[in-house]
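Below is one structure, written out as structure tokens, with a few remarks after it.
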Amino acid sequence: MKQTRCIYREEHHDTHLEIWDEGDHRSLWFDDVILQSEIHLQDAAVLPNPVNRAMLAHLMFDAPLHRVMLAGCGGGAIARWLHARAPEVAGDAVELSPTVARLAREYFDFPPPESNWRLLVEDVREHLVHSGARYDYILVDLEENQNTPSWATAPDFLEGCRAHLEPRGVLTVNLILGDNRAISEALLRIRRVFENETLLLADADHDNLLVLAFASAAPEMPSAQQLNDLGLRWGIDFASLARRLTRLAPPASA
């Protein structure tokens, strides 16, 4: 039987943070109900949380991957995993909360300063305004009151993300909204800014809807053999993710 214990607890403004160890896994929870991050303590190359793995579905297309930005760091599970799997990749993890950034370093093995990763404690909107960096991949994984903040799907923010993408870059938005109308409106805003085909990845076991928006034409679906080979390379079941992808045509006004 796995031993489960809370190793850290803190009240921060209106947020309650806890860190739990269960066997080889360590997890960061917000308000007792939101699993923000989960890592395998013994193997950084393993990404135990299925939602985190789904957030990396774009890797099945084998596009260039030299620099990434994480808008919202949490415990830094994806940064830690990418550093273990592809240490040559450079990354900026932009986290607004100094507390969460500190926990990522102290408890979740965020890549060290001498790595190709930076942990930036700032508002990602300010980062996009002042940074000249361009990214192959941007992941927007932000939460306010258990929902994606409205500004994270507003045209100004989305246009800023697109301006920082390389020509074959992709933006993934982890969309968490409470009703179908809000989801539809946010999705339409993303599609209007990016104009190209959009891919959706849903999971019946979670409330998340992952939206993949491409700076240029959306890639064709890889062959079964390519999905298998890349799955072995990254340790992700891309064949299963590919079956859950829905492709949307550009909006009529694009």
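The values are calculated or read from the model by the stated rules, or taken from the named source; none is laboratory data. All figures in this text were calculated on a predicted structure; none of them were measured in a lab. Methodologically, a virtual Cβ is constructed for each residue, glycine included, from the backbone with ideal geometry; neighbour enumeration extends over all protein chains shown. These area figures cover heavy atoms from the full protein model, side chains too; ligands, DNA and RNA do not enter into them. Shrake-Rupley method; radii C 1.70, N 1.55, O 1.52, S 1.80 Å.
The table below lists the values:
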item: Every residue from the stretch 161-185 that is charged (D, E, K, R) and either touching a residue at least 60 places away in the same chain (Cβ under 8 Å) or closer than 21 Å to residue 33 by Cα (or both); result: 166, 168, 179
item: Subset of the stretch 80-108 (residues that are open to solvent by 10 Å² or more (accessible area, probe 1.4 Å) and under 23 Å from residue 66 (Cβ atoms)); result: 80, 83, 84, 85, 87, 88, 90, 95
item: Every pair of residues 6+ apart whose Cβ atoms lie under 7 Å, when the first sits in the stretch 45-60 and is under 24 Å from residue 225 (Cβ atoms) and open to solvent by 20 Å² or more (accessible area, probe 1.4 Å) while the second is at pLDDT 95 or above and charged (D, E, K, R); result: 45/85
item: Residue within the stretch 186-197 that is open to solvent by 80 Å² or more (accessible area, probe 1.4 Å) and in contact (Cβ under 8 Å) with a residue 40 or more places away in the chain present; result: yes
item: The stretch 135-160 - residue that is among the hydrophobic types (A, V, I, L, M, F, W, C), touching a residue at least 60 places away in the same chain (Cβ under 8 Å) and not in a loop (DSSP other than H, G, I, E, B) and, of those, surrounded by the most Cβ atoms within 10 Å (Cβ to Cβ); result: 138
item: Answer residue from the stretch 207-236, given it is exposed (fewer than 14 other Cβ atoms within 10 Å of the Cβ) and assigned to a loop (DSSP other than H, G, I, E, B) and is modelled with the highest pLDDT among those; result: 223
item: Boolean, residue 34 is β-branched (Val, Ile, Thr) and closer than 27 Å to residue 90 by Cα; result: no
item: Residue, modelled with the lowest pLDDT, within the stretch 25-69, restricted to residues that are β-branched (Val, Ile, Thr) and under 26 Å from residue 242 (Cβ atoms); result: 51
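Listed here are the residues, each with its yes/no results for (1) closer than 30 Å to residue 43 by Cα; (2) out of contact with any strand residue (DSSP E or B) (no Cβ under 8 Å at 6 or more places or on another chain); (3) of a type in the set (A, V, I, L, M).
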{"site": "184", "(1), (2), (3)": "no, yes, no"}
{"site": "189", "(1), (2), (3)": "no, yes, no"}
{"site": "207", "(1), (2), (3)": "yes, yes, no"}
{"site": "212", "(1), (2), (3)": "yes, no, yes"}
{"site": "218", "(1), (2), (3)": "no, no, yes"}
{"site": "228", "(1), (2), (3)": "yes, yes, no"}
{"site": "233", "(1), (2), (3)": "yes, yes, no"}
